[in-house]
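The values are calculated or read from the model by the stated rules, or taken from the named source; none is laboratory data. Everything numeric in this text was worked out from a predicted model, so none of it was measured. Here Cβ is always computed from backbone atoms with ideal geometry, including for glycine, and neighbour counts include all displayed protein chains. Protein only, heavy atoms only, side chains kept; ligands, DNA and RNA dropped before computing areas. Shrake-Rupley method; radii C 1.70, N 1.55, O 1.52, S 1.80 Å.
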Amino acid sequence: MRSTPRLLTWAALLAFAIPTALTAAEPAGGWKPSSELGEKLSKRSTDRNGGRTFIGSEEQVPDYTLPEVLETRDGEDVETEKEWKNVRRPEVLELFRKHVYGRAPVGRPENMTFDVYDVDRTAMDGTATRKRVKITFQNRGKSLSVNVVIFVPNDRQGPAPAFLLICNRDRENIDPTRKNKVEYWPAEEIVARGYAAVAFFNGEVDPDNFDEFKNGIHGLYDNPNGRQDDSWATLAAWAWGASRVLDYLETDDSIDAKHVGVVGHSRGGKTSLWAGASDERFAMVVSNNSGCGGAALSMRQFGETVGQINRVFPHWFCDNFSKYNENEQDLPVDQHMLIALSAPRLVYVTSSDEDLWADPYGEFLSAKHASPVWELFGKTGLGAEEMPALNEPIQKGSIGYHIRSGGHGLTLYDWQQFMNFADKHWNK
C-alpha cells in the first residue's frame, strides 16, 4: 500500500526515468575546488593510469551517462518500495558482486566463537566499561582470530547505540589502553555522547597486500579449486569482518544492536559502504573520504580512476573490475547505486577540501543521485541540489553530507557530525 508521501515523489521518478546524462560543470553552491591543487593532480605520473592524464578540473571531466538506479534490467521503471526491495535492489547488489567487489563464499560461519577475555568497568576514569573480544573462525583445519575493542558508557540506562570503526590504520589508533586520545577514533568523545565505541583492525581479517589471497580469511574460506573472476577480494573480506563483529554485538546486552553505525575512512570508507549494502542490519553507514571505488562516481574519472586503483591495489576488488580500466563508460553500475543499496537506512558521506584525489564533487553527486530511492519510502534522501559551503553540513534527510577544511583524514569534526546526525534520527 502506498503512503501519502509517496505521491510527492512522482516528479522525481519521472526525471530519473530518463537516462542521467551529465555534462561537466563547476560545482554549484558554496564549495569550489582549488585550481592549484587540481593542477598538481593533473601533473601526476600517468604510468598507472593507462597513459591518461589525471583529471583535476571540471573542464576536463568527460560527458557521461549514469546507469539508472530506478530502472530494472528489463527496462521497467521502479515506482514502489516493494519493487525496489524485491526486484531492483537484488539486481543492483548482484551487479556489484559480479563486477566490483566480488561475492563472499560464506555468510555467518558455523564454526565461529566469541571470547570476552578482558572486562574493565573503570575504564576512562570510570566513565566506561572496556571489553575486549576475540572472534575466532575455523575451517578446513585452519583458524583465524579477530580482536574487537569495545567501550560502553557506564552512565547510560539501557543498551547503548554504537559506532563500529573499520580501522585501516595502525593498531595504535584503537589501542585499548587509551593512554592518549586519538582523533581518528575519539572513543572518549563517543562515550561522552552516550554511544558505545567499537573497533577492529581490518588487517586481522585480511592483510592489506597482494598475497594472491593465500592468507587471512581467504585462506580459510576460498574455494580450494581456485578463484573466479567474481571471487571476493580484500574490501569484501573486510566488510564481511564488520558483519561478524555485528554478530557478536547482537549477543551483548549492553549494546543496542538495532542502532549500529559502521564507519570507515578512505579504503575503510569503501568497505563500510559495501558492508552496509551487503548487510541490512547496519542502521547507519558512514563513508569518510572514500573516493574511487567508494562514494565518488567512477564515470567522472576525476582524481583517482578505476585503472589507477586496480593497478596499485590489485587485491581490493574482484578481477572483473579490471575490465573497466580506462573503460568506465561500460560499467553497468556506478557508486550512487552503491549508496542507494543502504536505503532507507541512514548514510553519511564526507569529503575534505584538499583531497581532490577522492573527488569531493563526485562524492556529493553520488549522494544526490542515490536520493530518489529514499523517496520511494516516503523519505528525504540528501535534500540538497548544490554543494554546501565548507564546514556547513547537510543533515536534512536520511543522507548526510559535509565537506570540511583540511586534507585526507578522519577528524574529530567528522565524528561530531556523525554523532549529530545519529542524534537527530535515533532519538537516543
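Is one or more of the residues making up segment 272-280 at pLDDT 95 or above, in a loop (DSSP other than H, G, I, E, B) and more than 22 Å from F213 (Cβ to Cβ)? Walk me through how you get there before you give the answer.
So the first thing to find is which residues in segment 272-280 are at pLDDT 95 or above, and the list is 272-280.
From what's left, in a loop (DSSP other than H, G, I, E, B): 279-280.
This time we only want the ones that are more than 22 Å from F213 (Cβ to Cβ), so: 280.
Among the residues of segment 272-280, at least one is at pLDDT 95 or above, in a loop (DSSP other than H, G, I, E, B) and more than 22 Å from F213 (Cβ to Cβ), which makes the answer yes.
Please note which strands (runs of 3 or more DSSP E) are completely contained in segment 59-145 and include at least 2 residues that are at pLDDT 95 or above and open to solvent by 60 Å² or more (accessible area, probe 1.4 Å). So that I can check it myself, show each step before the final result.
Numbers: elements: 64-66, 112-122, 128-139.
The strands (runs of 3 or more DSSP E) meeting that bar are 112-122, 128-139.
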Next on the checklist: So in segment 244-264, with the set limited to residues that are in a loop (DSSP other than H, G, I, E, B) and out of contact with any strand residue (DSSP E or B) (no Cβ under 7 Å at 6 or more places or on another chain), which one is most open to solvent (accessible area, probe 1.4 Å)?
Outcome noted: D253
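Residues of segment 281-311 being assigned to a strand (DSSP E or B) and small (G, A, S), which ones?
Keep residues of segment 281-311 that are assigned to a strand (DSSP E or B), which gives 284-288, 302.
Selection gives S287 alone.
Can you name the residue in segment 221-261 that is of a type outside the set (S, T, Y) and touching a Gly at 6+ places or on another chain (Cβ under 6 Å) and, of all such residues, is nearest to T129 (Cα to Cα)?
Filtering segment 221-261 down to residues of a type outside the set (S, T, Y) leaves 222-230, 232-233, 235-242, 244-247, 249-250, 252-253, 255-261.
Applying the additional criterion that residues be touching a Gly at 6+ places or on another chain (Cβ under 6 Å) yields 230, 232-233, 236.
On the way: D230: 42, W232: 36, A233: 35, A236: 31 Å.
Per the criteria, the residue is A236.
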Next on the checklist: Pairs needed: first member in segment 342-361, buried (at least 24 other Cβ atoms within 10 Å of the Cβ); second member anywhere, of a type in the set (V, I, T) and not in a strand (DSSP E or B); C-beta distance under 8 Å; at least 6 residues apart or different chains.
Outcome noted: A343/V373; V347/I339; V349/I339
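Output the residue which, of all residues in segment 228-239 that are open to solvent by 10 Å² or more (accessible area, probe 1.4 Å) and touching a helix residue (DSSP H, G or I) at 6+ places or on another chain (Cβ under 7 Å), is farthest from I190 (Cα to Cα). Write out each step before concluding.
Of the residues in segment 228-239, the ones open to solvent by 10 Å² or more (accessible area, probe 1.4 Å) are 228-231.
Among the residues that remain, those that are also touching a helix residue (DSSP H, G or I) at 6+ places or on another chain (Cβ under 7 Å) are: 229-230.
Values: D229: 41, D230: 38 Å.
Among those residues, the one meeting the criterion is D229.
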Next on the checklist: Considering only residues that are without any contact (Cβ under 8 Å) to a residue 60 or more places away in the chain and touching a helix residue (DSSP H, G or I) at 6+ places or on another chain (Cβ under 8 Å), which ones fall in segment 175-184?
Outcome noted: R178, K181, V182
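N173: assigned to a strand (DSSP E or B) and within 26 Å of H218 (Cβ to Cβ), yes or no? Even if it seems obvious, please write down each step before you answer.
Details: assigned to a strand (DSSP E or B): no; within 26 Å of H218 (Cβ to Cβ): yes.
In short, no.
Yes/no matrix, rows are residues, columns are (1) of a type in the set (G, A, S); (2) buried (at least 24 other Cβ atoms within 10 Å of the Cβ):
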position	(1), (2)
A242	yes, yes
S266	yes, no
S290	yes, yes
G294	yes, yes
F302	no, yes
F321	no, yes
Checklist entry - If you scan segment 161-196, which residues turn out to be buried (at least 24 other Cβ atoms within 10 Å of the Cβ) and among the hydroxyl-bearing types (S, T, Y)? => result Y195
Checklist entry - Just one of E354, E363, E328, E385 is out of contact with any Cys (no Cβ under 9 Å at 6 or more places or on another chain), of a type in the set (D, E, K, R) and over 23 Å from C292 (Cβ atoms); which is it? => result E385
Checklist entry - With respect to the numbered conditions (1) in contact with a strand residue (DSSP E or B) (Cβ under 7 Å, 6 or more places away or on another chain); (2) at pLDDT below 95; (3) aliphatic (A, V, I, L, M), which one is the sole condition not fulfilled by V182? => result (1)
Checklist entry - Tally time: how many residues in segment 268-284 are farther than 22 Å from P332 by Cβ, open to solvent by less than 10 Å² (accessible area, probe 1.4 Å) and among the aliphatic types (A, V, I, L, M)? => result 1
